[in-house]
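We did not get these values from a lab; they are worked out from the coordinates using the rules stated. Here the structure is a predicted model, which means the values were calculated and not measured. Don't worry about glycine lacking a Cβ; one is built from the backbone with ideal geometry, like all the others, and counts go over all protein chains shown.
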Amino acid sequence: MDADPTPGGGGAPEQGRTRRFPAFTRDTARPEGGGRAAPGDAPAPARQWPLLTVLLGTVAGLLVMLGEARIGLLVVGASLLAGAVLRRTVTSVGMLAVRSRFTDMLTYGLLGGLVVVLALMAQPKPWLELPFLEDVIRFAVR
């Protein structure tokens, strides 16, 4: 006997429906974890608390940057890293979910890490020195 042709297992397929993907995509699927982060009866800011947490951290870093640029950049990078942690640990993060969980974590993590490392290496008087970068630059510029 043949396998059930419908994805849900309800018997014969409806007229015109197949298991093949459509030739043209008409809409996009919601990213994994892209549902509301709080119940629907909660106020709008509470439903998007993960995104607001990252945005408020970034705004705080930009405000700190008016006084001390390096510290402000560290706060911005830390808020992006917090976004990566939230995307990994919280099941429903609302609008913080843009793509798949792995892609979001990788993007937030790499960008946050890069901002932090560059802030630590900022001149004058860098807090972090990576000697191998001088060799890389000499090799690339030759």
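If you take the square roots of the eigenvalues of the alpha-carbon gyration tensor of the range 44-141 and sort them as a ≥ b ≥ c, do you get rounded (a/c under 1.5), prolate (a/b over b/c) or oblate?
Numbers: a/c = 3.73, a/b = 1.65, b/c = 2.26.
The shape class here is oblate.
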Final fewest-first order of Leu128, Leu86, Leu66, Leu51 on the 10 Å Cβ neighbour count is Leu66, Leu128, Leu51, Leu86
In what sequence do Arg87, Arg20, Arg47 fall when counting other Cβ within 10 Å, fewest first? Arg20, Arg47, Arg87
